[in-house]
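Input: a single structure, listed below in structure tokens.
The values are calculated or read from the model by the stated rules, or taken from the named source; none is laboratory data. Note that the structure is a prediction, hence the values are computed from the model and not measured. Virtual Cβ from ideal backbone geometry, glycine too; neighbours counted across all protein chains shown. Just the protein is used for accessible areas: all its heavy atoms, side chains included, with ligands, DNA and RNA removed. Shrake-Rupley method; radii C 1.70, N 1.55, O 1.52, S 1.80 Å.
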Amino acid sequence: MALGSRWASGLATGRFLPYGRQEISDEDVLAVTAALREPMITQGPLIEAFEQSVATYLGAKHVIAVSSGTAALHAAAFAARVGTDDRVAVPAITFAASANCVLYQGARPRFIDIDLESLNISEASLAERADDGTVAVVPVSFAGLPVDIDAVREAAPGRVVIEDACHALGAWRHGKPVGAPGGADITVFSLHPVKAMTTGEGGLAVTEDDELAWRLRMFRSHGIVRDRMSPGPLDGDWYYEMQELGFNYRITDVQCALGQSQLPRLDSWIKARNEIALRYRELLADESRVGLPPAGRGGDLHAYHLFVVRVRAGADARKRVFDGLRAGGIGTQVHYIPVYRLPYYRDRLGYPQDECPDAEAYYSGCVSLPMFPGLDDEDLRRVVAELGKQL
Ligand SMILES: *Cc1c(COP(=O)(O)O)cnc(C)c1O
């Protein structure tokens, strides 16, 4: 792998190797500074231009860019008409935002166990736990491995499917980009710097449905529309209507200039992530005390936002590995604490702690290794050597 010497100097000095980081080129900087000199630094033409570029990349009809992946999830739950006292199925292993968007709408997440093969939502657990009040499902394409949307629809028929694809921009499912037609009703991406490409903060909601797209756009800007929808006089050109209680979830032209500049490099970054994953697999092939993450199935392209290994060397081994890697200057994280364990869910909302045994089994051993384009072979060997020391 001929991936950069950026970290080579860091190796000599033992510099901290993060678990993820963005790539910002000189062209990106130029694009952003040019955007800053435009008359409109927000709500100018660059937002729509970026949305169009992403739509073309995905082959999707509607792309709505917002201020974060979390905002996109919230807008999606709103657009799907998730409301008070509804229930929404969410896998137990994900970032809190996948479930929080349900609470924002006054509804309740229903945590579903994960499938230990794919680390995505368990269809069996979903079929069992999706009751009549469950109006939607938020499957997560965990670590960048596309969730099987057809299987989700089969397990929970008639529910709106909002795919949390925050890990999966640039991934492919059945030969098509995640976000292309034939997937979820709404697909959500994050453009946070740790994700595949970035706008600083930012998010995308993608849909083929005209009404969902209209509701997503309205929600992004206070629920305000310019067109007349209600009876009464059109008082003048200043006229607008607030039709729903929306938010200010707008993204800026400056951010979209960065996104537009990054997008052409997305595929090469996904390729680099796949090469790194392959190399980790080679380096860890003989290490029986570590379980490797699932690879993409035929027709799928894994985005490898994360490379999560499962430490199998006894009860304290995960903590030892985590602490040892950090002490050795290697960034690691645990993705994720089961959401129902977070004090807000456990103590304030009283969520049960014993309904997802496979999520618990996964959580007890998971550790994420550094994964971002720019890691070179020496970095990877250093990570694996440090990991081996702690087992
Ligand atoms: C990053 C992430 C989010 C939130 O995205 P932000 O852009 O940080 O708001 C939501 N869900 C998952 C699974 C994520 O990884």
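Averaging the inverse of every distinct alpha carbon separation and then flipping it gives the Kirkwood radius. What is it for the chain, in angstrom units?
Details: mean 1/r = 0.0458 Å⁻¹.
Result for the chain stands at 21.8 Å.
Output the antiparallel fraction of DSSP beta bridges having both residues in the chain, as a percent to the nearest 5.
If we restrict to bridges inside the chain, about 60 percent are antiparallel.
Could you work out the per residue convex hull volume over the alpha carbons of segment 316-362, in cubic angstrom? Spell out each step's value before the answer.
Details: hull volume 4.1 nm³, N = 47.
Spread over its residues, the Cα hull of segment 316-362 gives 87 Å³ apiece.
Charges only on Cβ, +1 for Lys and Arg, -1 for Asp and Glu: so what's the dipole of segment 246-391 about the Cα centre, in debye to the nearest 20?
Numbers: 20 positive and 19 negative charges, 41 e Å.
Rounded to the nearest 20 debye, it is 200 debye.
Find the centroid of the Cα atoms in segment 337-362 and in segment 46-104, then give the distance between the two in whole Å.
Value for the Cα centre distance between the two parts: 23 Å.
Could you check the simple spin-label distance between Glu48 and Tyr239, using points 7 Å along Cα→Cβ, in nm with one decimal?
Modelled inter-label distance: 2.2 nm.
On a straight-distance basis, which lysines could pair with Lys176 in a cross-link, Cα separation under 29 angstrom, same-chain partners fewer than 8 positions away excluded?
Lys61, Lys195, Lys271
Starting from the Cα gyration tensor of segment 121-209, take the square roots of the eigenvalues, sort them a ≥ b ≥ c, and report rounded, prolate or oblate (rounded when a/c is under 1.5, otherwise prolate if a/b is larger than b/c, else oblate).
Prolate is the answer for segment 121-209, as a/c is 1.5 or above and a/b outweighs b/c.
When N counts the residues of segment 242-391, how does its alpha-carbon radius of gyration compare numerically with 2.2 N^0.38 Å, as a ratio?
The value comes to 1.30.
Principal axis lengths of segment 77-129 from Cα atoms, whole Å, largest first?
Between the extreme Cα coordinates on each principal axis of segment 77-129 lie 33, 22, 15 Å.
In square nanometres and to one decimal, what's the mean projected area of the convex hull around the Cα atoms of segment 325-391?
6.1 nm²
Quick check on segment 152-290: what does the Kirkwood estimate of hydrodynamic radius come out to from the alpha carbon pairs, in Å?
18.2 Å
Work out how much length Arg341 to Thr33 would gain on full extension: take 0.36 nm times their residue separation and subtract the Cα-Cα distance, in nm to one decimal.
106.6 nm
When ligands, DNA and RNA are left out and all protein chains stay put, how many square angstrom of accessible area per residue does segment 280-374 have with a 1.4 Å probe?
In whole numbers, segment 280-374 has 44 Å² accessible per residue.
Ignoring ligands, DNA and RNA, please state the percent of accessible area on the chain from carbon and sulfur, probe 1.4 Å.
Numbers: 8710 of 16650 Å².
The value for the chain is 52 percent carbon and sulfur by accessible area.
Between Ala96 and Met229, what FRET efficiency comes out of the Förster formula 1/(1 + (r/R0)^6) with R0 = 45 Å and r the beta carbon distance, rounded to 0.05?
0.80
Averaged per residue, what accessible area in Å² does segment 108-201 show with a 1.4 Å probe, protein chains only?
On a per-residue basis, 31 Å².
If you filter segment 49-144 for GluC sites (Glu not before Pro), then keep DSSP loop positions with at most 15 other Cβ within 10 Å, what is left?
Glu117
If I stretch the segment between Asp210 and Arg381 completely, what's the gain in nm (0.36 nm per residue apart, minus their alpha carbon distance), one decimal?
Difference between extended and current length: 56.6 nm.
Per residue of the chain, what 222 nm ellipticity follows from adding -39500 (n - 2.57) for every DSSP H run with n ≥ 4, rounded to the nearest 500?
On the way: 13 runs with 137 residues, N = 391.
Taken over the chain, the calculation gives -10500 deg cm²/dmol.
Could you run the Debye sum over the Cα atoms of segment 41-132, one equal point scatterer each and no solvent, and tell me log10 of I(q)/I(0) at q = 0.11 Å⁻¹, two decimals?
So the normalised log intensities work out to -0.43.
In segment 17-88, what is the volume of the convex hull around the alpha carbon atoms, normalised per residue and reported in Å³?
About 170 Å³ per residue, rounded to a whole number.
Run the simple label-point estimate for Asp323 and Lys61 please: 7 Å along Cα→C-beta, distance reported in nm.
Here the answer is 5.5 nm between the modelled labels.
Counting only the heavy atoms of the protein chains, how much of Lys389 is accessible to a 1.4 Å probe, in Å² to the nearest 10?
Accessible area, nearest 10 Å²: 140 Å².
Cut-off under 17 Å on the C-alpha distance; same-chain residues fewer than 8 positions from Lys319 excluded. Which lysines are left, in chain and number order?
Within the straight-line limit of under 17 Å, Lys319 reaches these lysines: Lys389.
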